[in-house]
Every structure is written in structure tokens, then in C-alpha cells.
Amino acid sequence: MTIQPDPRDLAVHEEPSHAHHVTSVYVYEAPVRLWHWINALALVVLAVTGYFIGSPLHSTGGEAIEHFLMGYIRFAHFAAAYIFAIGFLVRIYWAFVGNHHARQLFTLPLWNANWWKDIVFELKWYLFLEKEPKKYIGHNPLAHFVMFFVFTLGTAFMIASGFALYGEGAGHDSLQWSTFGWMTAIFPNTQDLHTWHHVGMWVFVLFAMIHIYAAIREDIMSRQSMVSTMISGERMFKDNRP
């Protein structure tokens, strides 16, 4: 796939002897990269503490006042949830004010036939059925598809369901309940909502495992940088071939 730099990619660097070939493009701005790593840390805390909230530790002997471990676990979960939710709102804001790559997480070119064809191609590439990968500046189409339907929509569900469950404990006059209490009307009872919230945690754990594997695999096997791009923001290409 020939890389044609978008006019909106302001930081494009080229080798003088191959002026028509892009060797690097500035893709991820600093706020996007900062959000990515803070969000990753928040997800780790949420997954670990959420597991113990769903499967609490055994009771210990002695005075209850001397054992506040589950209380600390719940506090860490709620604190990480606020960081996760606020970060998502900031990320939505940056999709409007950042570069066009910042909007990729929230939009899909559903009417683009080539995009669907490239999803099939990338699936075959990940399954080792294609010998050579294509070049992409932003997310490849398959990653784009999965990021939207699993991460973006999944994040919205986890935030809404999580604060609905929190609002039940905080009381029906709380801000959390008045904002997200409608989630309890979708499910027969809050225990079902809790179960789906717990299932969502495992979906995110599986997503994270595949995401990390794919990023490292692409860093090794693809024709562009991957992990370092989310650190520097610069997408580096390994060859000058189309």
C-alpha cells in the first residue's frame, strides 16, 4: 500500500533521495499519548480491584476496625474509575480539537469498500496467511474496527454501568444515580448489571492481552513502528517501498 501523506499531517519527514516516499509522520499528539498510558494504568487498577470486589477475600479474625483491606480495595477501584471516566471525557474533547488521527477512535468509514477489504487483508495477515503487510499511518483497519467496537463502546458501557452500581450505594439522591441510574432499567435487576459489568472487565482483560501482543508483533513484523510511536508520537517506516 503506497503511503500518501494527508495534507493535515504537518510533521512529515522525507529522505532527499526519495522525496516521494514518507519515512515518518507525526501521528499521536502529546495529550493522546498521555491519556493512553494513564488509561492503561487505570485499567490495571480497575481490573485487579474489580476482581476482588467480585470475589472478596476471606474474612480475617480480630476486630473489624483493624481490617479495612476491602475498604482500601474499593477506594482504589472508585478512584481509578473517576480517572478512567474523566480521561475518557478529555479524550472525546481532544477528538474535536486535536489532529485528524485523534478522531479515529470515534469514527468509522463504514461506507468505504476499500476499508472493509483491508479489514479482511489484515485478518489474514494476523493469521499468517499474507506474506507481506501493508503500510498505515494511523490504526490499520482491523485495529480501527476492534478499537471502536470493543474499546470505545466498551468504555462507555463500563463507565455507565459502573457509576450506576456506585449510585445505588451512594443513594438515589446522588449525582451518580441521577446520571446513570437509568442503566438499572435496562437489566432485570442490579445483580444482572453487576454480572455484565464483571463480564466487561474480562473482555477488557482479553482485549489488553491481544492489544499488547499485536503491538509487539507489529513492531517486529510490520513495516512501521508501533510501540515507540505511542511514546514519541512519530510513526516511523522501515522501508521506502510502496
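In the condition set (1) under 27 Å from Ile92 (Cα atoms); (2) crowded, with 17+ Cβ neighbours inside 10 Å; (3) among the charged types (D, E, K, R), Lys134 is compliant with all but (1). Scanning the range 131-190 for residues that are within 30 Å of His100 (Cβ to Cβ) and over 17 Å from the mean Cα position of the chain (by Cα) turns up Glu132, Pro133, Lys134, Lys135, Tyr136, Ile137.
His211 passes every criterion in (1) free of Cβ contacts under 8 Å to residues at least 24 places away in the same chain; (2) assigned to a helix (DSSP H, G or I); (3) of a type outside the set (Val, Ile, Thr); (4) in contact with a helix residue (DSSP H, G or I) (Cβ under 8 Å, 6 or more places away or on another chain) apart from (4).
For Asp239, the stated conditions hold: it is surrounded by fewer than 18 Cβ atoms within 10 Å (Cβ to Cβ), out of contact with any helix residue (DSSP H, G or I) (no Cβ under 8 Å at 6 or more places or on another chain) and not in a helix (DSSP H, G or I). Taken together, Gly169, Gly162 contain a single residue that is in contact with a His (Cβ under 7 Å, 6 or more places away or on another chain), part of a helix (DSSP H, G or I) and small (Gly, Ala, Ser), which is Gly162. Scanning the range 2-10 finds no residues that are assigned to a helix (DSSP H, G or I), modelled with pLDDT under 85, exposed (fewer than 10 other Cβ atoms within 10 Å of the Cβ) and on the phi < 0 side of the Ramachandran plot.
Report whether or not Trp115 is over 19 Å from Val203 (Cβ atoms), touching a residue at least 12 places away in the same chain (Cβ under 8 Å) and surrounded by fewer than 17 Cβ atoms within 10 Å (Cβ to Cβ). Considered against the rule, which asks whether it is over 19 Å from Val203 (Cβ atoms), touching a residue at least 12 places away in the same chain (Cβ under 8 Å) and surrounded by fewer than 17 Cβ atoms within 10 Å (Cβ to Cβ), Trp115 comes out as yes.
Within the range 167-190, not a single residue is touching a helix residue (DSSP H, G or I) at 6+ places or on another chain (Cβ under 6 Å), closer than 30 Å to Thr23 by Cβ and buried (at least 16 other Cβ atoms within 10 Å of the Cβ). Restricting the first member to the range 34-62 and to residues that are more than 11 Å from Met201 (Cβ to Cβ), and the second to residues that are exposed (fewer than 12 other Cβ atoms within 10 Å of the Cβ), the beta-carbon pairs closer than 7 Å and six or more apart or on different chains are Leu57/Leu69. Suppose we keep only residues that are within 14 Å of Ser24 (Cβ to Cβ) and either of a type in the set (S, T, N, Q) or at pLDDT 95 or above (or both) within the range 217-230. Which one would you say is surrounded by the fewest Cβ atoms within 10 Å (Cβ to Cβ)? In this case the residue turns out to be Ser228.
The values are calculated or read from the model by the stated rules, or taken from the named source; none is laboratory data. Please read these numbers as outputs of a predicted model, since none were measured by experiment. Because the Cβ atoms are built from the backbone with ideal geometry, glycine has one as well, and the counts that use them run over all protein chains shown.
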